[in-house]
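Colleague: Sharing a structure with you now.
Please treat every number below as a calculation from the coordinates, not as lab data. Treat the numbers as computed from the prediction; the structure is a model and nothing was measured. Heads up, the Cβs are rebuilt from the backbone with ideal geometry, glycines too, and the neighbour counts pull from every protein chain shown.
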Amino acid sequence: MEYVTLNNGVKMPRAGFGVYQIADAKQCEQAVLDAIEVGYRLIDTAQSYGNEEAVGNAIKKSGVPREELFITTKVWITNYGYDQTKASVEASLKKMQLDYLDLVLLHQPFNDYYGAYRALIDLYKEGKIKAIGVSNFYPDRLVDLALFNEVKPAVNQVEVNIFHQQIEAQSYNEKYGVQMEAWAPFAEGKNNMFSNPELQEIGDKYNKSIAQVILRWLVQRNIVPLAKSVKKSRMQENINIFDFELSDEDMQKISAMDKKESSFFSHYDPATIEMIAGLHR
Ligand SMILES: NC(=O)c1ccc[n+]([C@@H]2O[C@H](COP(=O)([O-])OP(=O)(O)OC[C@H]3O[C@@H](n4cnc5c(N)ncnc54)[C@H](OP(=O)(O)O)[C@@H]3O)[C@@H](O)[C@H]2O)c1
C-alpha cells in the first residue's frame, strides 16, 4: 500500500474502503474482513452508518496489527457541541473496541461544528485521535474553520468523481494543507458511470476496468479515493490501481468530462440542509 503524509506527519493509505450503506452487521463484518484480506488498510465508517460495532469486530478478527490499520469515523451533527462530541467519540471507541482512532471527521458543516471541532482538538491532544478533519466542508466553511482554529483539519472528505471534479475546491484544500478524500468516487454508479464509453476506451489501453481508471485518476490528482463494495472480486479490482499510470493526455480527457455538478445534492442548497437535519435523529 502507498501512503500520503498528512499535515501533522501522520501517514494515511493512498486508497481506502468505505462501509456506507452496509447496514447489516454480518455483511459489514464480512466486507471489512474481505477488504483487509485483499490489502485495504484504511477503513472509513461513521456514527450515522450504524455499523461501527461490525467494523470493530472485523478489525479484531482480521489478525492484522492495529498499528497497520487506519480507522476513520465521523461525528454526526446531532452529536455536535463540545461535550456531546467528546462523549460520542468515546462511545465510538467503545463500539469499535479500540483505544484510539486514526482519523475522526465532522460529517457535515452544519449545527455547532465549532464546538464539535474544539472537542476533536482536545481528543487529538489527549492522543485518542491521531488526526482530525472534516467532511463536506466546501471552500467557504473550510477556510473559516482553518483560519480560526489552532489545529488545521488534516483531511476533508467530499464528493469527487468524474462529473464533479472539485478542481477549485482542491486548490483551497491544498492552500491550507488539507488532504482531500473522495467519497462516492463512482457516484454510486449514477450517470451510467460503469458503462461510459470514453472511460472504457481509456481503460482498454491499460487493460484496466472503468472503476480502476476512475480510482487511478483520483490517486494521480493526489485525492484519496474511498470505494465501497460488498463483493470481494470488486474489492480486489478496486485496490489493484498502483501498477499503471494514466498519461497526461488521458488525465486531460477525463478533466474535460467535468460537469461541476453533484450527482446527489448541493451542500449550498437550503433544502439539502433541511434534508440532512432530518436524518438520523
Ligand atoms: N462523508 C460523506 O458524506 C460520505 C457520503 C457518501 C459516501 N461516503 C464514503 O465513501 C464511500 C464510497 O461511497 P459510496 O459507497 O457512496 O459509493 P461508491 O463507492 O461511489 O459506489 C458504490 C457502488 O458501486 C458498486 N461498485 C463498487 N465497485 C465496483 C466495481 N469495481 N465495478 C462495478 N460496480 C462497483 C457497489 O456495488 P457492490 O457493493 O454491489 O459491489 C456500489 O453499488 C462510502 O462507503 C463512505 O465510506 C462518505
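Colleague: Length gain on complete extension for the stretch Asn7 to Asp243, per 0.36 nm per residue less the alpha carbon to alpha carbon distance?
Modeller: On the way: separation 236, 0.36 × 236 = 84.96 nm, distance 2.66 nm.
Here the segment from Asn7 to Asp243 would lengthen by 82.3 nm.
Colleague: Taking 8 Å as the Cα distance limit and 6 or more residues as the minimum spacing, I'd like the relative contact order of the chain as a percentage. Numbers along the way, then the final one.
Modeller: Numbers: 497 pairs, mean separation 50.3, N = 281.
Reported as a whole number, the value is 18 percent.
Colleague: From the square roots a ≥ b ≥ c of the eigenvalues of the alpha-carbon gyration tensor of region 218-281, which class results: rounded (a/c under 1.5), prolate (a/b over b/c), or oblate?
Modeller: Numbers: a/c = 3.47, a/b = 1.51, b/c = 2.30.
Because a/c hits 1.5 or more and a/b fails to exceed b/c, region 218-281 counts as oblate.
Colleague: Lys205: which lysines have alpha carbons under 21 Å from its alpha carbon, excluding same-chain residues fewer than 8 sequence positions away?
Modeller: Correct list for Lys205: Lys253.
Colleague: With a cut-off of 8 Å between alpha carbons and a minimum separation of six or more residues, what is the relative contact order of region 1-107 in percent? All intermediate terms of the calculation are to be shown ahead of the outcome.
Modeller: Values: 166 pairs, mean separation 26.2, N = 107.
Relative contact order of region 1-107: 24 percent.
Colleague: So, one more: I need Ser266, Ser88 ordered by Cβ neighbour count within 10 Å, fewest first.
Modeller: On the way: Ser266 12, Ser88 21.
By the 10 Å Cβ count, ascending, the order reads Ser266, Ser88.
Colleague: Order by neighbour count: Asp250, Asp122, fewest other Cβ atoms within 10 Å first, most last.
Modeller: Numbers: Asp250 21, Asp122 15.
By the 10 Å Cβ count, ascending, the order reads Asp122, Asp250.
Colleague: Between the DSSP loop rule and a limit of at most 16 other Cβ atoms within 10 Å, which GluC sites (Glu not before Pro) in region 147-223 are left? Could the numbers behind the result be given before it?
Modeller: Working: sites: Glu150, Glu159, Glu168, Glu174, Glu181, Glu188, Glu198, Glu201; in loops: Glu150.
Hits after loop and neighbour filter: Glu150.
Colleague: Under 1.5 on a/c is rounded, so check that first for region 3-277, then, if it is not, pick prolate when a/b is larger than b/c and oblate when it is not; a ≥ b ≥ c are the square roots of the alpha carbon gyration tensor eigenvalues. Don't skip to the end; give the middle numbers.
Modeller: Values: a/c = 1.68, a/b = 1.25, b/c = 1.34.
In terms of gyration-tensor shape, oblate.
Colleague: Which order results if Phe242, Phe148 are arranged by neighbouring Cβ count within 10 Å, fewest first? It would help to have the intermediate numbers written out before the result.
Modeller: Values: Phe242 14, Phe148 9.
Ordered by Cβ neighbours within 10 Å, fewest first: Phe148, Phe242.
Colleague: Now for a separate question. Enumerate the lysines that Lys152 could reach by cross-link, defined here as Cα to Cα under 20 Å, with residues fewer than 8 away along the same chain left out.
Modeller: Candidates past the 8-residue exclusion: Lys11, Lys74, Lys86, Lys125, Lys128, Lys130, Lys175.
Colleague: With an 8 Å Cα cut-off and a minimum separation of 6 or more residues, compute the relative contact order for region 40-176 in percent.
Modeller: Working: 215 pairs, mean separation 27.3, N = 137.
Across region 40-176, relative contact order equals 20 percent.
Colleague: Could I ask something else about it? Would you please state which residues of region 140-163 a label at Tyr82 would reach in this model, taking the label point 7 Å out along Cα→Cβ and a backbone N cut-off of under 17 Å?
Modeller: Answer for region 140-163: 148-151.
Colleague: Hey, another quick one. Check the straight Cα-Cα distances from Lys190 and name the aspartates and glutamates below 14 Å, setting aside those fewer than 8 residues away within the same chain.
Modeller: Glu159, Glu261
Colleague: Determine the shape class of region 44-194: with a ≥ b ≥ c the square roots of the Cα gyration tensor eigenvalues, call it rounded for a/c under 1.5, and otherwise prolate if a/b is greater than b/c, oblate otherwise.
Modeller: Details: a/c = 1.75, a/b = 1.15, b/c = 1.52.
Oblate shape, in that a/c is at least 1.5 and b/c is the bigger or equal ratio.
Colleague: Can you compute log10 of I(q)/I(0) for region 78-126 with the Debye formula, treating each Cα as one identical point scatterer, at q = 0.28 Å⁻¹?
Modeller: Taking Cα atoms of region 78-126 as identical point scatterers yields -1.12.
Colleague: When the helices in the chain are scored as -39500 (n - 2.57) per DSSP H run of 4 or longer and the sum is shared across all residues, what 222 nm value do you end up with, to the nearest 500 deg cm²/dmol?
Modeller: Values: 11 runs with 115 residues, N = 281.
Helix-only estimate at 222 nm: -12000 deg cm²/dmol.
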